[in-house]
Amino acid sequence: MQYIVLDLEWNQCPEGKEKENKRLPFEIIEIGAMKLNEEYQVISNYHSLIKPAIYQEIHPKTKEIIHLEMEDLEKEREFKIVAEKFLEWCGEDYQFATWGSMDLTEFQRNMYYFGVEKALQKPLFYFDIQKLFSIQFLDGKSRISLESAVEFLQLEKGEEFHRADADTYYTVEIIKTMDMDKLKKNFSVDYYHNPKTKLEELHLTYETYYKYVSREFDTKEEAMEDKTVTATRCYLCNKTLKKKIRWFSNNSHIYYCTMFCEEHGWLKGKIRMKKSEDGKIFVVKTIKLTTIEEIEKIKHLQEEMRRKRRLKRLQELRKM
């Protein structure tokens, strides 16, 4: 098994979100990667700029961050050619590692848009080094920038940040400081190719939580009627648990519940409604151990949502 440490830079519509290409809001203009062996030693490098096909001007913010001009890109190869060469360089037996969760989603979106036929692994498991850094050095929840992580570890700075080859280099330097053999059981999964059928649904048990990724539904209401979506089990002993606070939503995308296990104590559940590329709904549910303090916060949140709903109904009645 080899590891491909990947970083991408992309451009977006310089005329604003309302004029962007909805099928490709972010067009990749640079790929940087390093290939590591099983001992996390660098054995090969890949870097390429890409000639834009969609956005013919660089967004001012993008230009400010990556310091590239359109003239730097016009002589380069197009995305389809670069991506195919890059995937050929990757080989067969490898796993991606990125700083954060966006790169692989946007890479696949660009692959689909520009007709790159070679598909990535499905489901696509990878290592989110930003998350793993937080698990080893911070609280496991916080997410900091690549530059902040380099400063935290007091690593030497050379190349400027926000270029694909430089950011890949810094990510590898951070990996060298981490206990990857221990951390890699906290792998991540990319949702660009989300489950389409019941058989493809993901049930993933980590050290400190359980994650379920559902198949697609037409509506969030249909999703919440599904017994697997709303099921509550202790991920440590697999016992079905009765909900202390039933699933409720504080907005249109997130639901919470609480439960109690006689053996392991309080747990909280969280459901995130996500949209697939074809506009359908799928669910990402997590269940983890929690504290009485967190349970009280969830209870307070539920009471606040009930209060707001009562107030809204009262205002509607007054208008009648």
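The values are calculated or read from the model by the stated rules, or taken from the named source; none is laboratory data. Since we're looking at a predicted model, the values are computed, not measured. Methodologically, a virtual Cβ is constructed for each residue, glycine included, from the backbone with ideal geometry; neighbour enumeration extends over all protein chains shown. We work out accessible area using only protein heavy atoms, side chains counted, and drop any ligands, DNA or RNA first. Shrake-Rupley method; radii C 1.70, N 1.55, O 1.52, S 1.80 Å.
Structure above, values below:
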{"quantity": "Three-way shape label, region 243-320, alpha-carbon gyration tensor, a/c 1.5", "calculated": "oblate"}
{"quantity": "For region 26-67: rounded, prolate or oblate by the Cα gyration tensor [a/c cutoff 1.5]", "calculated": "prolate"}
{"quantity": "Amide H within-cut-off set for Gly100, under 5 Å, with H built and near neighbours excluded", "calculated": "Ile129, Gln130, Lys131"}
{"quantity": "For region 160-257: rounded, prolate or oblate by the Cα gyration tensor [a/c cutoff 1.5]", "calculated": "prolate"}
{"quantity": "Average accessible area per residue (Å²) across the chain - probe 1.4 Å, nucleic acids and ligands excluded", "calculated": "55"}
{"quantity": "Restraint check, Lys242/Lys270; Lys198/Lys285; Lys184/Lys288; Lys198/Lys308, Cα-Cα greater than 26 Å", "calculated": "Lys198/Lys308"}
{"quantity": "Fraction of accessible area attributable to carbon and sulfur, region 142-271 (%, probe 1.4 Å)", "calculated": "47"}
{"quantity": "Phi to ³J(HN,Hα) by Karplus 6.51 cos²θ - 1.76 cosθ + 1.60 over region 15-25, Hz, x for Gly, Pro", "calculated": "9, x, 4, 5, 10, 6, 6, 5, 7, 8, x"}
{"quantity": "Spacing of the two label points (7 Å from each Cα toward its C-beta) at Phe125 and Glu159, in nm", "calculated": "3.0"}
{"quantity": "Lysine pairs meeting the criterion (Cα under 12 Å, 8 or more apart or interchain), as found in region 1-123", "calculated": "4"}
{"quantity": "Unit charges on C-beta of K, R, D, E only; dipole of region 1-126, Debye", "calculated": "400"}
{"quantity": "Amide H contacts under 5 Å for Trp266, placed H, 5+ residues apart", "calculated": "Cys261, Thr290"}
{"quantity": "For region 1-159, fraction of C-alpha pairs farther apart than 25 Å, in %", "calculated": "36"}
{"quantity": "Set of aspartates and glutamates near Lys280 by C-alpha distance (under 18 Å), chain-local residues within fewer than 8 positions excluded", "calculated": "Asp190, Glu200, Glu201, Glu216, Asp218, Glu221, Glu222, Glu225, Asp226"}
{"quantity": "Length-normalised contact order of region 226-307 in % [C-alpha pairs under 8 Å, at least 6 apart]", "calculated": "23"}
{"quantity": "Of every Cα-Cα pair in the chain, the percent that sits beyond 38 Å", "calculated": "25"}
{"quantity": "Between region 151-189 and region 264-282, the Cα center-to-center distance that results, in Å", "calculated": "29"}
{"quantity": "Phi to ³J(HN,Hα) by Karplus 6.51 cos²θ - 1.76 cosθ + 1.60 over region 31-41, Hz, x for Gly, Pro", "calculated": "10, x, 8, 10, 9, 10, 7, 5, 9, 6, 9"}
{"quantity": "Range of Cα positions in region 27-106 per principal axis (Å), largest first", "calculated": "41, 25, 20"}
{"quantity": "Normalised contact order of the chain, rounded percent, pairs of Cα under 8 Å and 6 or more residues apart", "calculated": "13"}
{"quantity": "In Hz, Karplus ³J(HN,Hα) per residue of region 117-133 (6.51, -1.76, 1.60; θ = phi - 60°; x = Gly, Pro)", "calculated": "7, 5, 8, 7, 3, 9, x, 8, 8, 8, 10, 8, 5, 4, 5, 5, 4"}
{"quantity": "FRET efficiency, Arg318 to Asp179 (Cβ-Cβ, R0 56 Å, nearest 0.05)", "calculated": "0.40"}
